[in-house]
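Have a look at the structure below, then the notes.
The values are calculated or read from the model by the stated rules, or taken from the named source; none is laboratory data. Computed from a predicted structure; not experimentally measured. Glycine also receives a Cβ, built like all others from the backbone with ideal geometry; neighbour counts cover every protein chain displayed. SASA here: full protein model, heavy atoms, side chains in, ligands and nucleic acids out. Shrake-Rupley method; radii C 1.70, N 1.55, O 1.52, S 1.80 Å.
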Amino acid sequence: MRFEGTYTALATPFRGESGETIDWNAFDALVDWQLSGKVAGLVPCGTTGESPTLSHEEHARVIERTVARVKGRAQVIAGTGSNSTLEAVEMSRQAERAGADAIMLVVPYYNKPSQAGLQRHFVHVAKSVRLPVVIYNIPGRSGVDLAPETLARIAEAAPNVVATKEATGNVLRAQKIVQTMGDRMTVLCGDDALTLAMIAVGARGVVSVTANVAPTEVARATQLALEGLMQDALRAHHDLLPLHEAMFLEPSPAPVKAALAMRGIGSDVVRLPLTPCSEATRQAIATALAVWPRGTG
């Protein structure tokens, strides 16, 4: 399977003052909007989907709902990572049964495993399924950085590990992976504001937060960069920068939830310990969104 283009890190809309239940109508509307924006794929149950606060039943239902709604019109990369290897195996198998096209495994958080532990974790989970595996490296949240050398050893031991979402904020890291692993490992940018720079050094796309609220625009900017139309890509990237920046003024996904509510999709409710955005952040989001009329998505 080829991974290329824009993959939306789907938010999970909630109902109730504290987000007691999932708003399935809003979720369906969000998926439909992404498909109309021609994104390459959807990534349910990642960081933006508030996966740490989803119950096991909710987690499975979100993936099943995404697959059923998409109906093969885009790739579905299901987030199934955990800081428990056995739990990651079970969620990965559930995603495979649900019909996901691939799984995404985040670097285990809180445990702070060694590089040897990371290698054994990812190989064990990857070998439990037949699906392609995307490894998600985000040391700012997980507390551990997956070294490029460890990634190479994982790929050697588990052939279905074929891509990495690099959310290290380090373009040189992405460049090193492309340089040393070539076509064996597809790099996807994990930071919206770095998409253009990472594609310039060999990344093949982005797992995007901003695409939740501007799917057409993010998909277009990414495609221009992939086609080598760098002047047009640069203009499209610069146009999106205020929105990219607004999406991370406070802990994600609170800003994207606020932006979606402004777009008429769901509410701004996030589950504790996250809290909704401040008024100042809302104003910044509204200003950034004003450039992109709702109809363009």
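What is the number of the single condition among (1) open to solvent by 10 Å² or more (accessible area, probe 1.4 Å); (2) not in a loop (DSSP other than H, G, I, E, B) that A88 does not meet?
Only one criterion in (1) open to solvent by 10 Å² or more (accessible area, probe 1.4 Å); (2) not in a loop (DSSP other than H, G, I, E, B) is unmet by A88, namely (1).
Here's the yes/no breakdown for (1) over 16 Å from the mean Cα position of the chain (by Cα); (2) on the phi > 0 side of the Ramachandran plot; (3) open to solvent by less than 60 Å² (accessible area, probe 1.4 Å):
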{"site": "L194", "(1), (2), (3)": "no, no, yes"}
{"site": "I199", "(1), (2), (3)": "yes, no, yes"}
{"site": "R204", "(1), (2), (3)": "no, no, no"}
{"site": "A236", "(1), (2), (3)": "yes, no, yes"}
{"site": "V256", "(1), (2), (3)": "no, no, yes"}
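Take the range 8-33 and flag every residue that is open to solvent by less than 10 Å² (accessible area, probe 1.4 Å) and of a type outside the set (A, V, I, L, M).
T8, T12, P13, F14, G19, F27
Could you tell me which of the residues V201, V218 is aliphatic (A, V, I, L, M), in contact with a helix residue (DSSP H, G or I) (Cβ under 9 Å, 6 or more places away or on another chain) and farther than 19 Å from Q175 by Cα? Talk me through it step by step, then tell me what you get.
Numbers: V201 fails: farther than 19 Å from Q175 by Cα.
One residue alone meets the criteria, V218.
Could you identify the single residue in S142, S128, S92, S82 that is more than 20 Å from the chain's Cα centre (by Cα) and closer than 23 Å to M185 by Cα? So that I can check it myself, show each step before the final result.
Working: S142 fails: more than 20 Å from the chain's Cα centre (by Cα); S92 fails: more than 20 Å from the chain's Cα centre (by Cα); S82 fails: more than 20 Å from the chain's Cα centre (by Cα).
Exactly one of S142, S128, S92, S82 is more than 20 Å from the chain's Cα centre (by Cα) and closer than 23 Å to M185 by Cα, namely S128.
From T53, T85, T48, grab the single residue that is of a type outside the set (F, W, Y), touching a strand residue (DSSP E or B) at 6+ places or on another chain (Cβ under 6 Å) and on the phi < 0 side of the Ramachandran plot.
On inspection, the qualifying residue turns out to be T48.
Return the residue satisfying two criteria in turn: it lies in the range 143-177 and is part of a loop (DSSP other than H, G, I, E, B) and hydrophobic (A, V, I, L, M, F, W, C), and of such residues it is surrounded by the fewest Cβ atoms within 10 Å (Cβ to Cβ).
Of everything passing the filter in the range 143-177, A147 is surrounded by the fewest Cβ atoms within 10 Å (Cβ to Cβ).
Residue check, G117 against (1) in a helix (DSSP H, G or I); (2) buried (at least 17 other Cβ atoms within 10 Å of the Cβ), all met but one. Which one?
(2)
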